[in-house]
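What follows is a single structure, written as structure tokens, with notes after it.
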There are 2 protein chains.
Amino acid sequence: MSLDGYVAGPNQTLEQPLGEGGERLHEWVFPLASFRERHGLAGGETNADDEVVAESLRKTGAVVMGRRMFSGGEGAWANDPNADAWWGDDPPFRVPVFVLTHHPRETVVKQGGTSFTFVTDGIEAALEQARAAAGDKDISLAGGASVAQQYLKAGLLDELQIHVAPVLLGGGVSLFDRLGIEPFELERTRVIESPSVTHLRFNVVRAG
Amino acid sequence: MSLDGYVAGPNQTLEQPLGEGGERLHEWVFPLASFRERHGLAGGETNADDEVVAESLRKTGAVVMGRRMFSGGEGAWANDPNADAWWGDDPPFRVPVFVLTHHPRETVVKQGGTSFTFVTDGIEAALEQARAAAGDKDISLAGGASVAQQYLKAGLLDELQIHVAPVLLGGGVSLFDRLGIEPFELERTRVIESPSVTHLRFNVVRAG
């Protein structure tokens, strides 16, 4: 997230899925060994940032994401030019992924442990399926912002990990945009800093 | 600032100048010795948060603020029910304060070193006057959000100090609301954490 609250830049397209300037928010992650390994690349940095990412990957037993994060599209799958998503045959997740959508579709099994299951009956159903798949590991809510807000408002988020990139983006997709909720109390449980990012972790204490 | 970017709650009034729920953002500061001393109260906590506040107070030679922060009002002073501001005869600033307004008014000299000078010819003029008053000390831009955004966009801010309270407020006055700028690079220069707040400090590296 940028300091002004954006998790993607404005004007997201298939060519620029993170929006204009949105790559800036993720710059810190690209050189890391744990990120590179998940993308089939050798080497990379092993530092405090890498440990944060490696820990998340290690602890994640299932992933939930929105349709737009999955493909950038909407509507019927037959008309979605990116229906096979961004990640090719060996996606970096390596666990079952549950994609929220209004459009039914058969589960897609990829290499390396990743599967994409399409859930059409809502966020609670997706969470339930993810929980069954995750065993005693965590369920990672990958995004986007709209899905994160839905889970937060429903009181279904236990923890927030925010990686604050030192930039004011000026516009884009806001993670917490006008939630319109009663205040949610948080408990900050960890701060890890590096020159390129500040990792803040919070428990969600109380739903509003 | 709340984690979702608000520096005051919604529906600010004279009775509730920080808006609904806005007091929550400042809870961490009220018990501190340095805050209490400035408000004529003895005792208080001396901890990491207190040192952050004490340092800011020590380094500040002049303050700039917007009219709404000063009185909550707008328009002609004669019609402003809070034209003498919130802070009584001995305001906590103890340095010259420059108030941005469209409505001319004589400087008001208070006890303890605080004076309020009303600047009607814009943010650069206010900065210039504050700089002359501050000597070799810092100029603190006290707020509100709109004034902070004006100085930021004009490339006149050197440093941002953000005190992140562990709460999602859900609505209110957003510090960085839709700046509509090209990205500003920041350099995070300090993180200080306590159970009640996370103090992030940034240099503004480049205007967009």
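Points worth noting:
- Extreme residue, nearest to the chain's Cα centre (by Cα), among residues of the stretch B:178-195 that are among the β-branched types (Val, Ile, Thr) and within 7 Å of chain A (Cβ to nearest Cβ): B:191
- Residue list for the stretch B:118-133, restricted to those being open to solvent by 90 Å² or more (accessible area, probe 1.4 Å) and free of Cβ contacts under 8 Å to residues at least 40 places away in the same chain: B:121, B:124, B:128
- Among (1) over 22 Å from residue B:59 (Cβ atoms); (2) open to solvent by 40 Å² or more (accessible area, probe 1.4 Å); (3) touching a residue at least 40 places away in the same chain (Cβ under 8 Å); (4) part of a loop (DSSP other than H, G, I, E, B) - the single one residue B:136 does not satisfy: (1)
- Comparison of B:156, B:152 shows that the only residue that is closer than 29 Å to residue A:165 by Cα, more than 14 Å from chain A (Cβ to nearest Cβ) and not in a strand (DSSP E or B) is B:156.
- Residue in the stretch B:144-163 that is touching a Lys or Arg at 6+ places or on another chain (Cβ under 6 Å) and hydroxyl-bearing (Ser, Thr, Tyr) present: no
- Complete set of residues in the stretch A:111-129 that are in contact with a helix residue (DSSP H, G or I) (Cβ under 7 Å, 6 or more places away or on another chain) and more than 12 Å from residue A:96 (Cβ to Cβ): A:123
- If you go through the stretch A:10-27 and pick out every residue that is under 15 Å from the mean Cα position of the chain (by Cα) and within 12 Å of chain B (Cβ to nearest Cβ), you end up with 3.
- Counting the residues of the stretch B:178-188 that are open to solvent by 40 Å² or more (accessible area, probe 1.4 Å) and within 22 Å of residue B:8 (Cα to Cα) gives 2.
- Residue check, residue B:112 outside any loop (DSSP other than H, G, I, E, B) and at positive phi: yes
- Per-region count, the stretch B:96-117, residues over 20 Å from residue B:154 (Cα atoms), open to solvent by less than 20 Å² (accessible area, probe 1.4 Å) and among the hydrophobic types (A, V, I, L, M, F, W, C): 2
So that you can scan it fast, the table gives a plain yes or no per residue for (1) closer than 20 Å to residue B:161 by Cβ; (2) touching a Ser or Thr at 6+ places or on another chain (Cβ under 9 Å); (3) not charged (D, E, K, R):
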| position | (1), (2), (3) |
| --- | --- |
| A:164 | yes, yes, yes |
| A:171 | no, no, yes |
| A:185 | no, no, no |
| A:195 | yes, no, yes |
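- Residue selected from the stretch B:159-177 under the condition at the interface with another protein chain (Cβ under 10 Å from one of its Cβ atoms) and outside any loop (DSSP other than H, G, I, E, B), by the criterion surrounded by the fewest Cβ atoms within 10 Å (Cβ to Cβ): B:162
- Hits in the stretch A:62-95 (condition: open to solvent by 30 Å² or more (accessible area, probe 1.4 Å), among the aliphatic types (A, V, I, L, M) and in contact with a strand residue (DSSP E or B) (Cβ under 8 Å, 6 or more places away or on another chain)): A:69
- The residues in the stretch B:36-59 that are within 18 Å of the chain's Cα centre (by Cα) and open to solvent by less than 50 Å² (accessible area, probe 1.4 Å) can be counted, and the count is 8.
The values are calculated or read from the model by the stated rules, or taken from the named source; none is laboratory data. As the structure is a computational prediction, the values presented were derived from the model and not from experiment. For neighbour counting, all protein chains shown are included, and Cβ atoms are generated from backbone atoms with ideal geometry for every residue, glycine included. With ligands, DNA and RNA removed, areas are computed over all heavy atoms of the protein, side chains included. Shrake-Rupley method; radii C 1.70, N 1.55, O 1.52, S 1.80 Å.
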